[in-house]
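Structure, as structure tokens:
The values are calculated or read from the model by the stated rules, or taken from the named source; none is laboratory data. Note that the coordinates shown come from a computational prediction; the quantities given were computed from them, not determined experimentally. For neighbour counting, all protein chains shown are included, and Cβ atoms are generated from backbone atoms with ideal geometry for every residue, glycine included. Ligands, DNA and RNA are stripped out before the accessible areas are found, and what is left, the full protein with its side chains, is counted by its heavy atoms. Shrake-Rupley method; radii C 1.70, N 1.55, O 1.52, S 1.80 Å.
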Amino acid sequence: MERNLKNVLVISFGFLLLFTAYGGLQSLQSSLHSEEGLGVASLSVLYAALIISSMFLPPILIKNLGCKWTIAGSMCCYIAFSLGNFYASWYTLIPTSVILGLGGAPLWSAKCTYLTIAGNSYAEKAGKNGKDIINQYFGVFFLIFQSSGIWGNLISSLIFSQSSNKVEISEENLACCGAHDCMSNTTNTTASAGPSESLIYTLLGIYTASGVLAVLLIVIFLDQIKSDQAETEKEIQKTPSFWSTFLATFQHLKDKRQCLLIPLTMYSGFEQGFLAGDYTKTYVTCALGIHYVGYVMICFSAVNSLCSLLFGKISQFTGRKFLFALATVTNAACIIALLLWKPHPNQLVVFFIFPALWGISDAIWQTQTNGLYGVLFEKHKEAAFANYRLWESCGFVIAFGYSTTLQVYIKLYILLAVLVLSMVMYGAVECLEAKSSPGTPIATKKENVAPHTQETNM
């Protein structure tokens with residue numbers, strides 16, 4: 001096997017093992033650690049740390065440690081989060097969430113740098129176009145990586161389905177599930193029907209082992225790119241310093257279009273945060289039990305991945321406006337239906353319909369918003385995508401931050417309000433773009449977009 005392709009596969013399966021654990025844990029945080037909102041608070045802190053990390057840590061670590069050891073070290077930060085879940089408290093989970101957030105940005109940056117250098121190295125030897133090889137390597141990576149959402153959630157559901165603590169949920173308790181959850185009545189929950197500690201420890205043990213295997217895979221089998229040290233330095237030099245990135249990010253806000261896109265970008269964090277933090281807890285866990293959370297999130301991940309591929313290809317035929325309209329209608333319909341629906345175990349199919357529809361709309365938000373940034377800000381991509389990461393992460397932080405203080409129906413109203421505001425602002429961007437370049441529809445412009453990642457997966 002060609003050496004560079006071997007390294008791509010090592011990184012891909014390393015990320016698969018790591019995010020099999022992290023993806024499963026993220027889906028369960030609000031249900032496993034519901035006391036005083038510890039689970040969602042940890043996720044809010046995690047994304048806040050990620051914002052800080054992305055501004056200055058990646059270039060420093062990659063320059064001093066190299067891509068291989070930055071990846072291995074950052075993966076250890078994810079393992080720390082798994083270990084923090086063994087004895088979950090404010091003194092263990094919050095610090096390990098900070099550690100994970102700080103390790104998240106260097107991990108992804110080092111991966112992107114490594115694949116880019118490996119692609120250019122092979123292209124030079126084979127006399128091929130560097131961009132083509134890099135795209136192939138990223139394609140292989142995401143083909144393998146995207147399945148992590150399925151495996152992590154499948155493991156949790158299979159483990160928790162072995163629970164002997166399953167009880168029949170009374171109608172009184174079911175009345176507290178859904179949009180009008182009984183936040184003040186802690187007895188009206190399915191916590192008593194949750195899995196035993198032994199099953200929780202078994203799951204956490206599997207997740208931790210998966211993370212350790214990921215680190216060992218990288219340490220033992222991933223080659224350090226010593227021969228391409230000069231190219232590594234070149235890649236690092238292209239990465240702006242903390243202060244230049246910080247200033248460029250906020251200087252980019254002088255562009256009126258960037259300011260108008262802030263609600264849309266934040267909405268991406270809001271809607272993903274609601275599904276992971278609120279839907280899984282107040283609808284699925286409350287009415288069906290925690291062992292169904294994994295199956296529901298598998299449905300979301302599978303539909304999301306398929307639709308991301310589909311919408312990325314059909315956007316050139318339908319145009320971006322149609323897809324944004326489709327996502328808006330789909331998401332708005334889901335929000336209104338969730339406000340009215342009283343979840344009941346007899347309606348099992350409905351519990352899967354919502355994440356499936358959510359996966360369709362989220363796929364559009366992710367692919368098309370990334371594409372929109374690439375088209376509008378082609379000359380300032382670094383500052384534009386820094387703003388994208390900043391405002392989406394802010395959406396996550398806010399969504400997880402108010403999760404424990406507001407009832408679900410209020411959060412759904414907020415979600416709907418932000419969605420409407422996002423579309424109004426997006427419409428203004430389209431109008432500005434149409435005026436600035438008449439006769440050249442925005443949907444037909446050449447896209448120059450960074451490789452797409454699903455950040456719920458971080």
message: Restricting to the stretch 40-83, give me the number of residues that are without any contact (Cβ under 8 Å) to a residue 40 or more places away in the chain and under 22 Å from the mean Cα position of the chain (by Cα).
response: 4
statement: If we ask which residues in the stretch 309-328 are open to solvent by 20 Å² or more (accessible area, probe 1.4 Å) and not basic (Lys, Arg), their number turns out to be 11
statement: Those residues of the stretch 33-50 which are open to solvent by less than 30 Å² (accessible area, probe 1.4 Å), within 25 Å of PHE145 (Cβ to Cβ) and out of contact with any Phe, Trp or Tyr (no Cβ under 7 Å at 6 or more places or on another chain) amount to GLY39, SER42, LEU46, ALA49, LEU50
query: Pairs, please: C-beta under 7 Å, at least 6 apart or cross-chain, first residue closer than 24 Å to LEU415 by Cβ and assigned by the TED database to the domain that holds ASN304 and in the stretch 361-386, second part of a helix (DSSP H, G or I) and of a type in the set (A, V, I, L, M)?
result: SER361/ALA327; ILE364/LEU323; ILE364/LEU326; ILE364/ALA327; TRP365/ALA327; GLN368/LEU323; THR369/LEU264; TYR373/ALA384
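Yes or no, residue by residue, for (1) under 16 Å from the mean Cα position of the chain (by Cα); (2) not hydrophobic (A, V, I, L, M, F, W, C):
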residue: LYS313; (1), (2): no, yes
residue: ASN331; (1), (2): no, yes
residue: ILE335; (1), (2): no, no
residue: GLN347; (1), (2): no, yes
residue: ILE360; (1), (2): yes, no
residue: TYR373; (1), (2): no, yes
query: With respect to the numbered conditions (1) touching a Gly at 6+ places or on another chain (Cβ under 7 Å); (2) modelled with pLDDT under 90; (3) over 30 Å from PHE160 (Cβ atoms), which one is the sole condition not fulfilled by TYR267?
result: (2)
- prompt: With ILE144, ILE99, ILE94 as the choices, which residue is open to solvent by 50 Å² or more (accessible area, probe 1.4 Å), closer than 25 Å to LEU50 by Cα and among the aliphatic types (A, V, I, L, M)?
  reply: ILE99
- prompt: Hey, among ILE133, ILE117, ILE150, which residue is open to solvent by 20 Å² or more (accessible area, probe 1.4 Å) and not polar (S, T, N, Q)?
  reply: ILE150
statement: Restricting the stretch 384-417 to residues that are open to solvent by 30 Å² or more (accessible area, probe 1.4 Å) and touching an Asp or Glu at 6+ places or on another chain (Cβ under 9 Å), the one nearest to GLY104 (Cα to Cα) turns out to be ARG389
task: Starting from the stretch 205-233, keep only residues that are assigned to a helix (DSSP H, G or I), then list their pairs with residues that are modelled with pLDDT of 95 or more and open to solvent by 50 Å² or more (accessible area, probe 1.4 Å) whose Cβ atoms are within a distance under 6 Å, requiring at least 6 positions of separation or different chains.
output: SER210/LEU17; LEU213/LEU17; ALA214/LEU17
